[in-house]
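Student: A single structure is presented below for examination.
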Amino acid sequence: MGGELTRLSATEAVKRLNSGDVSPLEMVDAALARIGEVDGAVNALPTLCPDRARAHARRIMENGPPEGNGPWLGGLPIAVKELVDVAGVRSTKASPVYADRVPARSDVVVETLEAHGAIVIAKANASELGAGAQTFNEVFGKTRNPWNTALSCGGSSGGSAVALATGEVWLATGSDLGGSLRNPASFCSVVGMRPSPGRVARGPRTHPFGTFSVEGPMARNVADLALMFDAQVGHHPVDPVSMPAPAEPFSAALEAPVAPKRVAFSRDLGVVPVAKEVGDICAGAAKRFEDLGARVEEACPDLHDAVHIFETLRAAQFVTNFGPLLEKHRALLKPEVVLTIEQGLELTADEISRAERARAALYGRMVAFFEDYDLLLCPAAIVAPFDVETRYVTEVEGHEFEPGHYFRWTAICYAISPTACPAISVPCGFTGDQLPVGLQMVGRPRGEAALLAAAHLFEEIVGIADMVPRDPT
């Protein structure tokens, strides 16, 4: 029965939990059994909390759902990204600096999900401090891609993506500064969405007023992702930029989804080279929107300075978040983190203020673009999964990235981050080597409902969502 349960979609699993056909304890046991079977090959969930999960399952079975608390997950086990605190569970932020840390309180992200019936069963591996789109660190080692365990799963939410793709959990949390929800989703053939800043409350945080880093959902398909998103959204006083949940749940947008009428596709957003095979797969996938009655055109908003904006403000954010670590624990930080903090320390007030003004103008251009288009499409990653021993991509299609820009290969995602527009990666095909490729879909500001509806319709016509969960190979 455990194998049957782990193959269920989250949506179906929640239905069975809420009907009483299966208990939260049975779901916890099924997840732990599956983790025992496959995680040794992929290293997605290095920290388990079975006693905590079983105790939570018993409380749910005794008390049931609270009244008037919105969506209810019924005792569904989930994984939480290693960067996010879970009370009483080792939470290292994937860094030797915090290797033995056990927080007394969970992050608001976790508290919110648990209040809606989620059970934390494990912490998912991540890049150190979330830096770099390759999931490895000195605490837990490398996480491997289940489609080919010799390859990278992307990052920084790589453990979450792999745990979903292998059926270890039904839902998982992720976070996204420059693509950390979208990139591993693309590499593992699952779904990851970067929501608008403020949708998902988080904290306490060092940088609570920041709008670059966001928390968001990851799932095996769009319906499951919408289900999780509804259980995440809402205001919390700890997060000063958080907003109330909408009157209508996001899942409702999938019940009678409205197709976009005019869709823009760009192979590279004008910011970074893309491997030809990946670009061709995404171009073909974008044309599938014509099957939904949409007009598909090659077009792109003006993103000429998006890379510079992001890299400037990201470096400044690293100083805010990690500057004190450089002073106290420099030898314990990976070189890429040290490099970015030092780049931030070299910035002048004028450089930061010019980047902020440019970001305001960029947002204005995006708003104008979405007056003409309903959706912007592009690849979610510029390459297919690469060797797990490679720290980051240095060359694509003959273009070599400059030294010091170890994350430049993720610009196809992070060019979108400063726009505050929601973006989702949905599986769209496979390379000749049977490696996953994700299509990135970008919606209007605060336009998650329409974005999810479009992603759901696309997923149905492409028809590859049921290729996960899978055994690692």
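The values are calculated or read from the model by the stated rules, or taken from the named source; none is laboratory data. Not measured: the values here are computed from a predicted model. Cβ: placed from backbone, ideal geometry, glycine included. Neighbour counts: every protein chain shown.
Student: If Gly88 passes every condition in (1) touching a residue at least 40 places away in the same chain (Cβ under 8 Å); (2) over 23 Å from the mean Cα position of the chain (by Cα); (3) closer than 19 Å to Thr173 by Cβ but one, which one does it miss?
Tutor: (1)
Student: Okay, moving on. Please determine, by comparing only the residues of the range 403-422 that are at pLDDT 95 or above and in contact with a Gly (Cβ under 7 Å, 6 or more places away or on another chain), which one is surrounded by the most Cβ atoms within 10 Å (Cβ to Cβ).
Tutor: Applying the filter and picking the extreme gives Cys413.
Student: Related question: Kindly check whether there is at least one residue in the range 391-403 that is touching a Leu at 6+ places or on another chain (Cβ under 6 Å) and not basic (Lys, Arg).
Tutor: Of the range 391-403, the ones touching a Leu at 6+ places or on another chain (Cβ under 6 Å) are none.
Within the range 391-403, not a single residue is touching a Leu at 6+ places or on another chain (Cβ under 6 Å) and not basic (Lys, Arg).
Student: Would you mind finding the one in Asp291, Asp302 that is exposed (fewer than 15 other Cβ atoms within 10 Å of the Cβ) and over 22 Å from Ala360 (Cα atoms)? Can you show your working first?
Tutor: On the way: Asp302 fails: over 22 Å from Ala360 (Cα atoms).
Asp291 is the lone residue from the list that is exposed (fewer than 15 other Cβ atoms within 10 Å of the Cβ) and over 22 Å from Ala360 (Cα atoms).
Student: Among the residues of the range 385-415 satisfying the criterion of being touching a Ser or Thr at 6+ places or on another chain (Cβ under 8 Å) and part of a strand (DSSP E or B), which is farthest from Val271 (Cα to Cα)?
Tutor: The selected residue is Asp387.
Student: May I ask you to list the residues in the range 264-278 that are of a type in the set (Gly, Ala, Ser) and surrounded by fewer than 20 Cβ atoms within 10 Å (Cβ to Cβ)? Let's see the steps before the verdict.
Tutor: Our first condition is that a residue be of a type in the set (Gly, Ala, Ser); within the range 264-278, this holds for 264, 266, 270, 275.
Listed by number, the residues that qualify are Gly270, Ala275.
Student: Do we find that Ile35 is touching an Asp or Glu at 6+ places or on another chain (Cβ under 7 Å) and under 22 Å from Val162 (Cβ atoms) in this structure? Walk me through it before giving the result.
Tutor: On the way: touching an Asp or Glu at 6+ places or on another chain (Cβ under 7 Å): yes; under 22 Å from Val162 (Cβ atoms): yes.
Judged against the criteria, Ile35 is a match.
Student: Residues being within 21 Å of Val296 (Cβ to Cβ) and touching a His at 6+ places or on another chain (Cβ under 8 Å): count how many of those fall in the range 254-270.
Tutor: We begin by selecting, within the range 254-270, every residue within 21 Å of Val296 (Cβ to Cβ); these are 257-270.
Narrowing the set further to residues that are touching a His at 6+ places or on another chain (Cβ under 8 Å) leaves 257, 270.
Looking only at that region, the number is 2.
Student: Turning to a different aspect of this structure: Quick test of your reading of the structure: Glu277 fulfils all but one of (1) over 20 Å from Val442 (Cα atoms); (2) assigned to a loop (DSSP other than H, G, I, E, B). Name the failing condition by number.
Tutor: Among (1) over 20 Å from Val442 (Cα atoms); (2) assigned to a loop (DSSP other than H, G, I, E, B), the lone unmet condition for Glu277 is (2).
Student: Let me ask something else about it. Across the range 416-434, what is the total count of residues that are in a loop (DSSP other than H, G, I, E, B), over 25 Å from Leu457 (Cβ atoms) and touching a helix residue (DSSP H, G or I) at 6+ places or on another chain (Cβ under 8 Å)?
Tutor: Of the residues in that region, 1 qualify.
Student: Name every residue in the range 449-473 that is assigned to a helix (DSSP H, G or I), in contact with an Asp or Glu (Cβ under 9 Å, 6 or more places away or on another chain) and closer than 23 Å to Pro146 by Cα, in order of residue number.
Tutor: Of everything in the range 449-473, just one residue is assigned to a helix (DSSP H, G or I), in contact with an Asp or Glu (Cβ under 9 Å, 6 or more places away or on another chain) and closer than 23 Å to Pro146 by Cα, namely Ala465.
Student: Within the range 2-111, considering only helices (runs of 4 or more DSSP H) that don't extend past its boundaries, which have at least 2 residues that are hydroxyl-bearing (Ser, Thr, Tyr) and more than 30 Å from Pro237 (Cα to Cα)? Don't jump to the end; show me each part of the working.
Tutor: On the way: elements: 2-7, 10-19, 24-42, 50-63.
Helices (runs of 4 or more DSSP H) meeting the threshold: none at all.
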